[in-house]
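Below you'll find the structure, written out as structure tokens, and then a few comments.
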Amino acid sequence: MRNLLSLLCCFFLLNIHAQQPEKLNASEIFQKIKKLNFLGSVLYIGAHPDDENTRLISYFSNEKNARTAYLSLTRGDGGQNLIGSELREQLGVIRTQELLAARRIDGGEQFFTRANDFGYSKTPVETLKIWDKEKVLADMVWIIRNFKPDIIINRFDHRTPGTTHGHHTSSALLSLEAFEAAANPAKFHEQLEFTKPHQSKRVYFNTSPWFYGGQEAFEEANKNQFISFDTGTYFPLLGLSNPEISSLSRSQHQSQGFGSTGSRGSQMEYLEPIKGDTLRSQNVFKNIDTSWNKLEGGKAIGEILTQVEKDFNFKDPSASLPKLLEAYTLIQKLPNRHWREQKTKEIKDIIYASAGLFLEAVASRASATPQDSVQVKLEAINRSDFPISLNSVELSPNNTKTHPQINLKNNTAWHSEVSLKIPKNTPYTTPYWLKETANNGIYIVKDQQLRGLPETPELSKSLFELDFNGLSLTFERPIVYKFNDPVFGETYQAFEVIPEVSISFEEEVVIFENAEPKKISVKLTSGKANVQGEVSLSAGEGWTIKPEEQKFQLQQKGSTQIHSFQVVPPKNQNETFISPTALVNGKEFSEKLITIDYKHIPKQNLVTPSKLKVARLEIEKKGKLLGYIEGAGDMVPESLEQIGYSVEKLNAASISASSLEKYDAIVLGIRALNTLKDLKFKQKILFDYVKSGGNLIVQYNTSRGLVTNKIAPFPLELSRDRVTDETAEVRFLAENHPVLNFPNKITKNDFDNWVQERGLYFPDAWSEEFTPILSMQDENESPKNGSLLVAQYGEGYFIYTGLSFFRQFPAGVAGAYRLFANMISIGK
């Protein structure tokens, strides 16, 4: 029970203080020793962050002690966000960190390709065309060559194109190609400057009842071709079952609402041999040597570590240090570079934990700018009787070095403080794959050695050189920032390098509904004290900005100023980007600093080019005041304010007939009928509002998990129909309907420049009271007519739409604004 409480306590702290240093207890050290003694590896492959099978990853990592990793081809950038308004690249950063949080729980590692999750795709042909197949395949080969898995397991079936998400099938198809290509030195030969070809032994497909339409169908299926094994293992050292660990891991996907309840007892998993040595053995490592004997010079290491495992003292892990250090010395002599580097890392972590070492470098503030100096407090403590001395501490990136040359006596801490100057050309702290503007389907990462990594390697770090009774070992620790939170206590953040001044706009998009000028404001934030200069804006032809420049002075680090410019749009419809520039001592700055801060993941900083989409629209509208009931989170309310509406956000639980009377229209946010339980009891009030003359606009909901089946005042059934091609032809089914003609005349041009998709989860059945307005389809599919349905109910109008306005508005798509204005204005 004590072990269980210990693990749950660590899990809680992991979520609240996501960057606390790892502090292993004796049970965890013992588990790592067992993993040190196993030389086998498994790579699990899927398309998206939520595709991973955490139960299987945990099983191989914690029961089989294999080095286990999940390769997600994308970072989930194309999905929705249930915890905030971040979408696209920022959502990808969140989901990256959620996967890393999951891996910290289930014991796996994490990799990605450069593939950009551009949204739903129906076929692998479409997917691979947009992704740039060769680049994604190259990344998979690179990861296989470096991770060197014995076993590859696919989440999806390569034989079912067109029956599931095109990304899913593509991940399986590419894995089979990568399996062959990774072993072929003629394929992607430029990688061989850094790595060597690798031939994995087997590829499996991780099948399940999901692929058969349900448990009953799966039970009746012929399973002779599968191997099966029970992953419901119970771990007495942890006080948890494997499925319980899996559920804790799965629950890290908070942006997708994947909270999971753990289970106990037998949990079967099924693998189908697909490629390579297709031995149908219940042991996936059958005929694969996973012992130290596989390596030249490894036998002696294995014998030592077997004894360490056998004699491990849970009350005093430091008793293992002499043997561990002996094994470490032998590992350094291994000819096999891959296993030498991997096992060196593993055994050093074990030595560190067994000695009760704590090494830390804490910056005096959370961030600094290039050429800035910051004080760094150093701490070292040895909590064992083993003789250890601290020779030196070196800080990077500027190689500040101190030489204490002291013995670390048991439980006696050493403290010091040094100054770290950030070199002039130090890059800003930001996700490496976002440093350059991505193509539609692929991120641009020029550095081969960064590809595949889950996040940017630490640039600011400390190197502690210790002497273990004559043997020198160096331990690397990140430089961190630490403070005391009055609620949560000791709280860690990454130490970051930021620009001297960052510039951001108040909005992502500004819409000019007529030729009148608007005030555009920029916020300048100082990354250091005493920053002064001039700020200016630039835009495309036809746009006028006054004044040309403004002076600013920021005296304190973190201080802000807002400067406003008058922007005059052209007379006719036009779109452009406005870019800011701050000139400081002859150096130009044009980046914005974005902070993503949630309790379940480490705080993230993004430094990206700052720009503002501006659009002069030819748009008319009726009505003034809107009520908006938020669902899964979107920027639609702010976008509607851009074209002159006043929008009030409503609490679904509080709405009443009288409270809705003042609104010209009520709009339900995306997935509101999936996420707001109170709407189950408020539908009659909303329908009565329509009946009395109001307009109710319901944006898309998923067909699964509705809080009520009464979506509309008339029969209406949702489906999984969607049109993923954002350029798909749009045909008008009701050309003379008011929604296409008043107050704006909607034409085919209004569907130009849409992003990611036309829409999703369209209804496929509705009563005769509804008028379908539009028809569209993906290539080789039947027409989909349910993207926009309008029905008059009493004196008002009910509108259901699966069109993805929530994606078009932040992209400044003119036609989306004009059509939505018509939906609000209908009947007025």
**OP:** Taking amide H positions as placed in the peptide plane 1.01 Å from N, state which residues far from residue 114 in sequence (5 or more) or on other chains have amide H under 5 Å from it.
**Re:** none
Original post:
Okay, which of the range 203-237 sit inside 13 Å, backbone N to the point 7 Å along the Cα-Cβ direction of residue 280?
Top reply: 222-228
Subject >> Spacing of the two label points (7 Å from each Cα toward its C-beta) at residue 523 and residue 396, in nm >> reply: 3.5
**OP:** Rounded to the nearest Å, what's the spacing between the alpha carbon centres of the range 28-62 and the range 751-826? Just the number, please.
**Re:** 45
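Below 10 angstrom from the Cβ of residue 810, what's the summed charge of the other residues (Lys, Arg +1; Asp, Glu -1)?
Once all neighbours under 10 Å are counted, the net charge is -1.
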**OP:** Please work out how much length the chain gains when fully extended from residue 792 to residue 735, using 0.36 nm per residue of separation minus the C-alpha to C-alpha distance, in nm with one decimal.
**Re:** 18.8 nm
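Which of the chymotrypsin sites (Phe, Trp or Tyr not before Pro) found in the range 185-288 are loop residues per DSSP with 15 or fewer other Cβ atoms within 10 Å of their Cβ?
Those satisfying the criteria are 194.
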Subject >> Projected label distance in nm at residue 337 and residue 599, using a 7 Å step from Cα toward the beta-carbon >> reply: 4.6
**OP:** Measure out, as a whole number of angstrom, how far apart the alpha-carbon centroids of the range 248-265 and the range 70-142 sit.
**Re:** 19
Original post:
Among 801, 580, 728, whose Cα lies farthest out toward the positive end of the dipole of the chain, if unit charges sit on the beta carbon of Lys, Arg (+1) and Asp, Glu (-1)?
Top reply: 580
Original post:
What is the calculated FRET efficiency for residue 208 to residue 377, with r their C-beta to C-beta distance and R₀ = 41 Å, to the nearest 0.05?
Top reply: 0.20
Subject >> HN-Hα J in Hz across the range 555-564 - Karplus 6.51, -1.76, 1.60, θ = phi - 60°, x for Gly and Pro >> reply: 7, 10, 4, x, 6, 10, 9, 10, 10, 10
Original post:
Residue farthest toward the positive end of the dipole of the chain, with Cβ of Lys/Arg at +1 and Asp/Glu at -1: which of 694, 815, 292?
Top reply: 292
**OP:** With only Lys, Arg, Asp and Glu charged, each at its Cβ (+1 for the first two, -1 for the last two), find how big the charge dipole of the chain is about the Cα centre; round to the nearest 20 debye.
**Re:** 1240
**OP:** With N denoting the number of residues in the chain, provide Rg(C-alpha) divided by 2.2 N^0.38 Å, to two decimal places.
**Re:** 1.04
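Mind checking the range 408-513 for trypsin sites (Lys or Arg not before Pro) that DSSP puts in a loop (not H, G, I, E or B) and that have at most 11 other Cβ atoms within 10 Å?
Passing sites in the range 408-513 are 424, 446.
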Subject >> For the chain, calculated [θ]222 nm from helices alone, where every DSSP H run of n ≥ 4 adds -39500 (n - 2.57) >> reply: -6500 deg cm²/dmol
Original post:
Want the number for residue 559 to residue 767: 0.36 nm per residue separation, take away the alpha-carbon distance, what's left?
Top reply: 69.1 nm
Subject >> Counted charge near residue 260, where neighbours are those whose Cβ lies closer than 15 Å (Asp, Glu -1; Lys, Arg +1) >> reply: -3
Subject >> Long-range amide H partners of residue 439 with built H, under 5 Å >> reply: 444
Subject >> Relative contact order, percent, the chain [alpha-carbon distance under 8 Å, six or more residues apart] >> reply: 10
**OP:** Collect residues whose amide H, placed 1.01 Å from N in the peptide plane, falls under 5 Å from the amide H of residue 382; neighbours closer than 5 in sequence don't count.
**Re:** 411, 412
Original post:
Hey, with R₀ at 51 Å, roughly what FRET efficiency would residue 678 and residue 34 work out to, going by the Cβ-Cβ distance, to 0.05?
Top reply: 0.55
**OP:** Calculate, in nm to one decimal, what residue 448 and residue 287 gain on full extension: separation in residues at 0.36 nm each, minus their alpha carbon distance.
**Re:** 54.6 nm
**OP:** Using per-residue counts of other Cβ atoms within 10 Å, averaged over each peptide, order 525-536, 689-700 from highest down.
**Re:** 689-700, 525-536
Subject >> Phi to ³J(HN,Hα) by Karplus 6.51 cos²θ - 1.76 cosθ + 1.60 over the range 773-790, Hz, x for Gly, Pro >> reply: 9, 10, 10, 7, 6, 7, 4, 6, 10, 6, x, 10, 10, x, 6, 8, 10, 10
Original post:
Say the dipole of the chain comes from +1 at the beta carbon of Lys and Arg and -1 at that of Asp and Glu; which of 173, 718, 312 then lies farthest toward its positive end?
Top reply: 312
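Would you work out the relative contact order for the range 625-825, in percent, from Cα pairs under 8 angstrom that are 6 or more residues apart? Present the calculation step by step, with values, prior to reporting the outcome.
Values: 449 pairs, mean separation 46.2, N = 201.
Answer for the range 625-825 is 23 percent.
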Original post:
So how do 353-363, 796-806 stack up, highest first, on mean other-Cβ count within 10 Å?
Top reply: 796-806, 353-363
Subject >> Residue-by-residue Karplus 3J(HN,Hα) for the range 741-756, coefficients 6.51, -1.76, 1.60, Hz, glycine and proline x >> reply: 10, 9, x, 10, 7, 7, 10, 4, 5, 6, 9, 7, 6, 5, 10, 6
Subject >> Total formal charge among the other residues, if their Cβ is under 11 angstrom from that of residue 443, Lys/Arg +1 and Asp/Glu -1 >> reply: 0
Subject >> Greater than 21 Å apart at Cα, pairs in 32/603; 421/603; 23/461; 611/748; 323/401; 461/482 >> reply: 32/603; 421/603; 611/748; 323/401
Original post:
With +1 on each Lys and Arg Cβ and -1 on each Asp and Glu Cβ, how big is the dipole of the range 501-616 about its Cα centre, in debye rounded to the nearest 20?
Top reply: 340
Original post:
residue 180 versus residue 194, label points 7 Å from Cα toward the beta carbon: distance in nm?
Top reply: 2.6
Original post:
How many angstrom lie between the C-alpha centres of the range 513-538 and the range 410-489?
Top reply: 32
Original post:
Considering only DSSP beta bridges whose two residues both sit in the range 625-825, what percent are antiparallel, to the nearest 5?
Top reply: 55
Subject >> Spin-label proximity, residue 160 to the range 218-257 - amide N less than 16 Å from point 7 Å beyond Cα toward beta carbon >> reply: 218-223, 226
**OP:** Assuming R0 = 30 Å, can you tell me the calculated FRET efficiency for the pair residue 23 and residue 409, based on Cβ-Cβ distance, to the nearest 0.05?
**Re:** 0.90
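Values quoted throughout were computed directly from the atomic coordinates according to the rules given, and no laboratory measurement underlies them. Just so it is clear, the structure is predicted and the values come from calculations on it, not from any experiment. For neighbour counting, all protein chains shown are included, and Cβ atoms are generated from backbone atoms with ideal geometry for every residue, glycine included.
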